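Input: a single structure, listed below in structure tokens.
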Amino acid sequence: DLRVISADLSKRLLAKIDTSMRRTGGVTPDLTGAETYGTIVSLAESRVRPGILWAGTDDGNVWLSRNDGATWDNLTGRFPGLPDNEVYVSRIEPSRFDTATVYVSFDNHRRGDFTPYVFTSTDFGRSFRSIAGNLPRGGPDFVHVVREDPVNRDLLFVGTDVGAYASLDRGQSWQRFMTGLPTVPVHDLQIHPRDHELIAGTHGRSIWI
């Protein structure tokens, strides 16, 4: 039984959608769809209480629903230091330990901005703070994914375009986490539910580290 649980959650940048879909027939210069806007690219449900949904779009919107999609609160604009434009929401990671905590990463490299953007909220998105801290800057350091360890709530991981990093203090400081991992883009990270080993996804492959 399928049903619609939201209106259009994007910014409705109709001029850009028209250019990429009608004028070019969906053909984009870099073959990634980067010119196509108006899409939900990150959707996650609370692991603590079903019905709490978080959504992020490729044109910079972040939303929260606490009632299984009946209503949505727009959280866009609550991320200090994030450029005020259509920054791609690369990942939303609800906490496994409480319903009010969430982690959000953004990727703005399509506009020549390689800054790592990672934020957290502990009050259902009423306020966010950056936890990018000492993550490297100056190279292709934009963040693809942020993950929380399922056992230790202070342990976080991020995957950037050049590797993986870990924090033992919930984002106050980060260390390079590269054992057995070459310098490659890390598009996804998963913690094995039984062995608690980290699995990195890169270029269609999975690497145990």
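Observations on the model:
- Net charge contributed by nearby residues that have their C-beta within less than 9 Å of THR57 (K/R +1, D/E -1): -2
- Difference of contour (0.36 nm per residue) and Cα-Cα distance, ARG176 to VAL48: 43.1 nm
- Unit Cα scatterers, Debye sum, the stretch 47-196: log10 I(q)/I(0) for q = 0.13, 0.14, 0.15 Å⁻¹: -0.55, -0.64, -0.74
- Packing around the peptides 91-98, 167-174, taken as the average count of other Cβ atoms within 10 Å per residue, puts them in this order, highest first: 91-98, 167-174.
- Label-point separation in nm, ARG126 to ASP84, each point 7 Å along Cα→Cβ: 2.4
- Förster radius 45 Å - calculated FRET efficiency between ASN152 and THR39, Cβ distance, rounded to 0.05: 0.85
- Accessible surface computed residue by residue for the stretch 59-171, with neighbouring protein chains in place and a 1.4 Å probe, gives 37 Å² per residue.
- Ranked by the mean number of other Cβ atoms within 10 Å of their residues, highest first, the peptides 66-79, 139-152 come out as 139-152, 66-79.
- Contour minus Cα-Cα distance for VAL184 and THR71 (0.36 nm per residue): 36.7 nm
- PRO140 sits among other residues whose Cβ lies under 15 Å from its own Cβ, and their net charge, with Lys and Arg +1 and Asp and Glu -1, is 0.
- Label-point separation, SER6 to LEU168 (7 Å along Cα→Cβ), nm: 3.7
- Taking the 1.4 Å solvent-accessible surface of the stretch 44-145 as the whole, the part contributed by carbon and sulfur is 46%.
The values are calculated or read from the model by the stated rules, or taken from the named source; none is laboratory data. Since this is a predicted model, take the numbers as computed values, not measurements. Using ideal geometry, Cβ is built from the backbone for each residue, glycine included, and neighbour counts are taken over all protein chains shown. Surface areas here come from the heavy atoms of the whole protein model, side chains and all, with no ligands, DNA or RNA. Shrake-Rupley method; radii C 1.70, N 1.55, O 1.52, S 1.80 Å.
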